[in-house]
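A short worksheet on the structure shown next.
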Amino acid sequence: MTIEKIGIIGAGQMGNGISHVCALAGYEILLTDVSADALAKSLGIIEGNLNRQLTKGTITDAEKADALARITLTNNLADLGQTDLVIEAATEREEIKAAIFDELLPHLKPETILTSNTSSISITRLASRTDRPEKFMGFHFMNPVPIMQLVELIRGIATDEPTFNACQEVVDRLGKTSAPAEDFPAFIVNRILMPMINEAIYTLYEGVGSVKSIDTSLKLGANHPMGPLELADFIGLDTCLAIMNVLHEGLADTKYRPCPLLTKYVEAGWLGRKTGRGFYDYRGETPVPTR
């Protein structure tokens with residue numbers, strides 16, 4: 001099928017980014033969120049990110065104006081019923097995602113493709129709760145979406161080839177690169193990345209190195225653009241913990257056990273950049289390690 005109208009659920013960082021790149025690629029976007037505040041702020045955030053591209057000369061004034069004109073906001077999830085493709089980018093909690101799909105399903109066209117931007121949850125399990133498991137798959141963008149070039153395309157056990165091909169065409173039109181992945185916990189990127197971050201937190205927990213020495217070691221010793229603790233703060237420590245729990249529960253291997261220090265930070269509400277404190281304190285002019 002031809003995809004021209006995309007519904008995006010969630011006006012947070014990922015939903016805004018996905019709306020941004022899809023609108024810039026010429027798709028009509030319908031963006032919704034349960035938070036009226038998030039939805040109200042979303043166009044301003046998207047416009048600010050488009051302005052950065054404009055300043056760098058990667059887009060024109062006309063392209064920016066056209067992209068913004070293609071984005072429609074709605075508080076009504078049912079309005080997404082007439083879209084060709086739905087990309088769910090809500091909170092990384094399976095019960096929330098399942099409830100969203102339950103509410104949306106009665107309003108969908110029979111041919112609408114359903115996808116989730118989940119970074120770790122079983123696509124097969126999510127799909128099994130819908131009326132179209134063959135038209136359901138994982139559509140995992142990397143953060144920040146306008147900058148990162150990779151999209152993981154994850155087939156559930158029932159996903160059919162036309163659905164996969166249609167989503168592949170969307171990735172191509174966005175000018176991004178896809179990585180097909182099988183439906184195992186955390187897929188490819190987070191299956192490799194999150195245990196590294198978790199091990200960095202264990203290294204801190206056991207006193208092997210400080211926040212600064214661990215991040216400096218990986219930046220200069222492994223040529224990583226960000227240290228693992230800095231990256232964890234950027235991703236969100238609650239998201240890191242959720243993914244490690246999915247890996248630990250899904251693969252039943254002790255090597256995926258979340259570090260107790262990660263759990264402690266999440267329990268404290270120190271979730272990283274978005275809350276002002278994580279492994280660094282962001283409330284001053286420059287980030288300061290919290291340990």
If you check Arg291 against the conditions, is it surrounded by fewer than 21 Cβ atoms within 10 Å (Cβ to Cβ) and touching a Lys or Arg at 6+ places or on another chain (Cβ under 8 Å)? no
Which pairs do you get when a residue that is free of Cβ contacts under 8 Å to residues at least 40 places away in the same chain, found in the range 41-70, comes within reach of a residue that is of a type in the set (S, T, N, Q) and assigned to a helix (DSSP H, G or I), reach meaning Cβ atoms under 6 angstrom, with the pair 6+ apart or on two chains? Ser42/Asn16; Ile45/Asn16; Ile46/Asn16; Ile59/Gln53
Those residues of the range 160-169 which are farther than 14 Å from Asn117 by Cα and either in contact (Cβ under 8 Å) with a residue 24 or more places away in the chain or basic (Lys, Arg) (or both), in sequence order: Asp160, Pro162, Thr163, Phe164, Ala166, Glu169
Single residue of the range 191-230 satisfying the filter (of a type in the set (Lys, Arg) and more than 18 Å from Thr290 (Cα to Cα)) that is surrounded by the most Cβ atoms within 10 Å (Cβ to Cβ): Arg191
Can you tell me which of Leu85, Leu105, Leu153 is hydrophobic (A, V, I, L, M, F, W, C), in contact with a Pro (Cβ under 8 Å, 6 or more places away or on another chain) and either within 20 Å of Gln168 (Cα to Cα) or surrounded by fewer than 17 Cβ atoms within 10 Å (Cβ to Cβ) (or both)? Leu153
Only one of (1) in a loop (DSSP other than H, G, I, E, B); (2) under 22 Å from the mean Cα position of the chain (by Cα); (3) touching a residue at least 24 places away in the same chain (Cβ under 8 Å) is not met by Arg291, so which one is it? (2)
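Yes or no: the range 175-182 includes at least one residue that is part of a helix (DSSP H, G or I) and either touching a residue at least 12 places away in the same chain (Cβ under 8 Å) or more than 26 Å from Gly227 (Cα to Cα) (or both).
No, the conditions are met nowhere in the range 175-182.
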Hits in the range 2-20 - residues which are in contact with a strand residue (DSSP E or B) (Cβ under 8 Å, 6 or more places away or on another chain), surrounded by fewer than 24 Cβ atoms within 10 Å (Cβ to Cβ) and part of a helix (DSSP H, G or I): Met14
Contact list, first residue from the range 8-19 and modelled with pLDDT under 95, second anywhere and part of a helix (DSSP H, G or I) and not aromatic (Phe, Trp, Tyr), beta-carbon distance below 9 Å, six or more apart or interchain, is Gly12/Ala38; Gly12/Ser42; Gln13/Ile45; Gln13/Lys274
For the range 231-268, enumerate the residues that are of a type in the set (Gly, Ala, Ser), more than 16 Å from Asp281 (Cα to Cα) and crowded, with 20+ Cβ neighbours inside 10 Å. Ala242
Would you please name the residue that is nearest to Ala11 (Cα to Cα), looking only at residues in the range 130-147 that are among the hydrophobic types (A, V, I, L, M, F, W, C) and more than 11 Å from the chain's Cα centre (by Cα)? Ile147
Filter result for the condition that a residue is under 23 Å from Asn117 (Cα atoms), at pLDDT 95 or above and in contact with a strand residue (DSSP E or B) (Cβ under 7 Å, 6 or more places away or on another chain), over Leu231, Leu237, Leu241: Leu237
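The values are calculated or read from the model by the stated rules, or taken from the named source; none is laboratory data. Since we're looking at a predicted model, the values are computed, not measured. As a convention, Cβ positions derive from the backbone with ideal geometry for all residues, glycine included, and neighbour counts pool all protein chains shown.
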